[in-house]
Amino acid sequence: SGNFISSKLLMMISSYIVYVEMGWIRAFIGSKVINSISMVFRNKIWEMNMNFFGVILFVFLSVFLILKVF
C-alpha cells in the first residue's frame with residue numbers, strides 16, 4: 001500500500017507541474033479571448049445606448065467564459 005501512495009503522490013506532483021506550466025498559456029489565451037469578446041460587446045452595448053439587457057448579457061457571458069477557460 002505504501003507503493004500505491006507514493007505513485008499517487010508522484011502522479012499528483014507531475015499533474016501539478018503540468019498545471020503550473022500550462023497556467024501562463026491558459027492565462028494568455030484567456031485574456032486574448034476575453035479582450036476580443038469584450039471589445040465586440042463594448043461596440044454592441046454602445047449601439048444599444050448602454051441598454052441594461054446588453055450590460056447584463058455581457059457580464060453573464062464574461063463570467064461564463066472565465067469559468068470555461070479556467
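Only the coordinates and a few stated rules stand behind these numbers; no lab work does. Since this is a predicted model, take the numbers as computed values, not measurements. Here the Cβ positions follow ideal geometry from the backbone for every residue, glycine too, while neighbour counts run over all protein chains shown.
Things to note:
- Summed over qualifying helices (DSSP H, 4 residues or more, each -39500 (n - 2.57)) and divided by its residue number, the chain shows a 222 nm mean residue ellipticity of -33000 deg cm²/dmol.
- Translational diffusion coefficient (Stokes-Einstein; Kirkwood radius from C-alpha pairs) of the chain at 25 °C, 0.890 mPa s, in µm²/s: 166
- Rounded to the nearest 10 degrees, the angle from helix 2-47 to the longest Cα principal axis of the chain is 10 degrees.
- Using a Förster distance of 35 Å, the FRET efficiency for Ser36-Ile5 (Cβ separation, nearest 0.05): 0.15
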